[in-house]
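First up is the structure itself, then whatever we jot down about it.
Values in this text are rule-based calculations from the coordinates and carry no lab data. For clarity, every value in this text was computed on a predicted model and none was experimentally measured. Cβ coordinates were reconstructed from backbone atoms using ideal geometry, including for glycine residues, and neighbour counts include every protein chain displayed.
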Amino acid sequence: MKRALLSAVALTVVLAATATQAQDVAITNARVVIGDGSDPIANGTVLVRAGKVVAAGAGVAVPAGVKAIDAQGKWVTPGLVVAVTDLGLVDVGAVDDSNDSAAGKSPFSASLDLSTAINPDAQPIKVSRAGGVTRAAVAPIGTNTIFGGQGAVIDLGADPQAVTVPRAFQYVELGETGASRAGGSRVATYAELHNALGEAKEISLAPAGARRDDVLLTRRDAQALVPVVTGRQPLYVHVERAADIRMVLGLRQEYPALRLVIVGATEGWLVAGELARSGVPVLATPLNDLPDSFEQLGSTQSNVGRMKAAGVRVSLGAFFDQPRYAPQYAGNLVALTRVPGASGLSWGQAFAAISSGPAEAMGMGERFGSLRPGRAGDVVIWDGDPLELTSGVVKVYIDGIEQPLDNHQTRLRDRYQTPTEGSLPKAYDW
């Protein structure tokens, strides 16, 4: 009780400090993107006060005393939200000492808490922030079981308090990868999953301290799954093929409280009707169009567009490599609408798929992901259409605080863009 009270006090102090630092700012004469799927609004204004969006759109009045920034027609959007990424866990991927994204030798799995390893100073966070990413759902990817542990929701602000929500969801790997971890077959994967959920359910119903002897999970792992079976913590399930998606949807017959989120879903279009009826959010890997594995034989670039047309709550996710490229994928989905026979997204739908869509799938749609009133003041100013490759980020605000955009990539660019005599490495002397 005392620890919970201290944590609450600490969070209150952090939020108060953030509100104190936040800037009251109005960005005027902008092409405003709310991020809810609607079209951009010409000559709009975004008003942020005390770290929160107050208003966004046309005809917004700027109160006296609020700093006004003339966007001069530039695009203003909510910050990008990337779901299922390793941001904050990896600095240099090839160097084990700086890579906390895998724990294959750990005796624990479901109880692993990623929030304890998030490094707000990791260069990939700084690079992604400069690309307009302001929030992320960080997911584990590598243990010796199908369970990857408890993911965290973070912000990419330049401060030491990166974790917004620790233990925000549980991550489980099914399909071909899960089968390899469970014993070589999907049969073993499904048996391991059902056994784990069953042990957690027994713990949730049993008297304190009571537990059977014939159990496979450690007590900590079983306890970590109790919030999943009771519906207090979402379960992110990585599957690709249609048959696996059907199996996952069927879990709620035995565990009706499960709050499922499907990740990947390369063959989601084949079961789009079932996904739509279930209401389960999908964080789809965008633009898979090659049968790289047997579970992706039905891959097509029209996957996301077809699911959207069927009424699936689909957005983009699984950005383990360069999350700042999310707008590029979204832009390609817009381009697909011009390809005969293909299915893509409208511009508004595509931007929502990398902003409000992932936020809603994460259960955070009321907190960030759009420029609706009351959401966090996560605002990005772009020098052009954010879904165009030639556009770049001009300013980034997180919780109403302007963020630095420098990182090791920008410093290298500045160093060698116009090198002085003798500043180039020896290999360039000729």
Ranking of Tyr416, Tyr397, Tyr325, Tyr171 by count of other Cβ atoms within 10 Å, fewest first
Tyr416, Tyr325, Tyr397, Tyr171
When a/c is below 1.5 the answer is rounded, else prolate if a/b is larger than b/c, else oblate, so apply that to the stretch 224-299 with a ≥ b ≥ c taken from the square roots of the Cα gyration tensor eigenvalues.
prolate
From Cα pairs below 8 angstrom and at least 6 apart in sequence, can you work out the relative contact order of the chain, rounded to a whole percent?
19 percent
Candidate span helices, the chain: DSSP H, at least 27 Å along axis from Cα coords, Kyte-Doolittle average at least 0.5, result 2-21
Inter-label distance for Leu424 and Arg277, nm, one decimal - labels placed 7 Å from Cα along Cα-to-Cβ:
6.5 nm
What is the spin-label model distance, in nm, from Asp97 to Ala68 if the labels are put 7 Å beyond Cα along the C-beta direction?
5.4 nm
Which is farthest toward the positive dipole end of the stretch 80-368 among Gly183, Val127, Asn303, measuring Cα position about the Cα centre, with Cβ charges +1 (Lys, Arg) and -1 (Asp, Glu)?
Asn303
Compute the Cα gyration tensor for the stretch 268-375, then decide on rounded, prolate or oblate, letting a ≥ b ≥ c be the square roots of its eigenvalues: rounded whenever a/c is under 1.5, prolate when a/b is larger than b/c in the other cases, and oblate in all that remain.
prolate
Neighbouring Cβ atoms within 10 Å as the yardstick, rank Val271, Val66 fewest first.
Val66, Val271
Please arrange Thr116, Thr134, Thr177 by counting, for each residue, the other beta carbons lying within 10 Å of its beta carbon, fewest first.
Thr116, Thr177, Thr134
Going down the table (Lys52/Lys74; Lys52/Lys201; Lys105/Lys126), which pairs top 28 Å between alpha carbons?
Lys52/Lys201; Lys105/Lys126
To the nearest 20 debye, the chain has a Cα-centred charge dipole, built from +1 on Lys and Arg Cβ and -1 on Asp and Glu Cβ, of 1020 debye
Name the residue, out of Pro327, Pro120, Pro160, whose mean-square fluctuation peaks in a Gaussian network model built on the chain with Cα pairs under 10 Å.
Pro160
Label the stretch 337-425 by shape, choosing from rounded, prolate and oblate, from the square roots a ≥ b ≥ c of the eigenvalues of the Cα gyration tensor; if a/c is under 1.5 it is rounded, and otherwise prolate applies when a/b is larger than b/c, oblate when it is not.
oblate
